[in-house]
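Below: one structure, written as structure tokens.
The values are calculated or read from the model by the stated rules, or taken from the named source; none is laboratory data. What you see is a predicted model, and the numbers here were worked out from it, not measured in a lab. Neighbour counts are summed over all protein chains in view; Cβ atoms, including those assigned to glycine, are modelled from backbone coordinates with ideal geometry.
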Amino acid sequence: MKVECKGFDIEVTRERSCGGWSQLYFSIFRKSDGFECLSSFEDSQEKVSDKVKELKECIDNELKLSNPWNEEDLPF
């Protein structure tokens, strides 16, 4: 599932890992410049729609910070 939220692209998919079990893969990218804010996976039975909701909350929380995604601390 791919959704847009406040200038960010959220993508969450459930796919089989190389080992054959179900994994939840998710990412957040800033649309303006393609900055990868978050990407990961987890061995979880959480619904894709629930993870999307969680990531929307994550965006809301990060945007409240003076240094969202710790971008100013990155070496590049």
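Take the conditions under 22 Å from GLU4 (Cα atoms), aliphatic (A, V, I, L, M) and in a loop (DSSP other than H, G, I, E, B) and apply them to LEU38. Does it pass?
no
For region 29-44, name all the residues that are polar (S, T, N, Q), under 10 Å from the mean Cα position of the chain (by Cα) and surrounded by 11 or more Cβ atoms within 10 Å (Cβ to Cβ).
Within region 29-44, the subset polar (S, T, N, Q) is 32, 39-40, 44.
Among the residues that remain, those that are also under 10 Å from the mean Cα position of the chain (by Cα) are: 39-40.
The one that is polar (S, T, N, Q), under 10 Å from the mean Cα position of the chain (by Cα) and surrounded by 11 or more Cβ atoms within 10 Å (Cβ to Cβ): SER39.
Between LYS53, LYS64, which is surrounded by 11 or more Cβ atoms within 10 Å (Cβ to Cβ) and on the phi < 0 side of the Ramachandran plot?
So the residue among LYS53, LYS64 that is surrounded by 11 or more Cβ atoms within 10 Å (Cβ to Cβ) and on the phi < 0 side of the Ramachandran plot is LYS53.
Restricting to region 41-59, and then to whatever is in a helix (DSSP H, G or I) and free of Cβ contacts under 8 Å to residues at least 12 places away in the same chain, can you tell me which residue is farthest from CYS5 (Cα to Cα)? Before you say what the answer is, go through the steps one by one.
From region 41-59, those in a helix (DSSP H, G or I) are 48-59; that's our starting set.
Restricting the remaining residues to those that are free of Cβ contacts under 8 Å to residues at least 12 places away in the same chain gives 50, 53-54, 57.
Numbers: ASP50: 15, LYS53: 10, GLU54: 12, GLU57: 10 Å.
So the residue we want is ASP50.
Within region 18-28, take every residue that is hydrophobic (A, V, I, L, M, F, W, C) and modelled with pLDDT of 95 or more and give me the one that is farthest from the chain's Cα centre (by Cα).
Ranking the candidates gives LEU24 first.
Between a first residue in region 62-76 that is among the aromatic types (Phe, Trp, Tyr) and modelled with pLDDT of 85 or more and a second residue that is assigned to a loop (DSSP other than H, G, I, E, B) and surrounded by 10 or more Cβ atoms within 10 Å (Cβ to Cβ), which pairs have beta carbons less than 9 Å apart while being 6 or more apart in sequence or on different chains?
That search, which allows pairs on different chains as well, returns TRP69/PHE35.
Whether any residue in region 1-17 is modelled with pLDDT under 95, exposed (fewer than 11 other Cβ atoms within 10 Å of the Cβ), of a type outside the set (Asp, Glu) and assigned to a loop (DSSP other than H, G, I, E, B) is what I want to check.
no
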